[in-house]
Amino acid sequence: MLCVFQLTSITAVLRILASSGAAQQTAKHYNVARCTPKVRQQRPLAKDLAVAPRKGEKAGGYIPLISIQALESGGIANARVKRSSGFANIDAYAPDWVRGIRYNARPGCGIIETNVDVLIHWR
């Protein structure tokens, strides 16, 4: 049996880790308000993302967790799947979508290593 789903929206939620690269700076020189990344732009979502579970695939009960580095320039580097959803197509699409996110430029703040949850709403 072949199932096809349509991806209608993805929401990315950032959790900045205490062990971020910016934490390497001294506390008196680190400005949290200025150095916290803020989303400025997101890539448009795919209109139709067909997700047909392959033989042996099943939902793992988790949403994809993508590990990233937020650069001072606002770009994303080293996006990779840290926790799988159980579906190869979703796990392949999620890092590509996350790479399309652009944050505000934060010169002098360093690279922040964090995770992005990719929450998928199915209709």
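The values are calculated or read from the model by the stated rules, or taken from the named source; none is laboratory data. All figures in this text were calculated on a predicted structure; none of them were measured in a lab. Here Cβ is always computed from backbone atoms with ideal geometry, including for glycine, and neighbour counts include all displayed protein chains.
Quick check on the range 10-67: of everything there that is among the small types (G, A, S) and closer than 16 Å to T114 by Cβ, which residue is modelled with the highest pLDDT? Ranking the candidates gives S67 first. If you go through the range 40-89 and pick out every residue that is among the basic types (K, R) and free of Cβ contacts under 8 Å to residues at least 24 places away in the same chain, you end up with 4.
Among the residues of the range 98-117, those identified as of a type in the set (A, V, I, L, M, F, W, C) and touching a Leu at 6+ places or on another chain (Cβ under 7 Å) are I111, V116.
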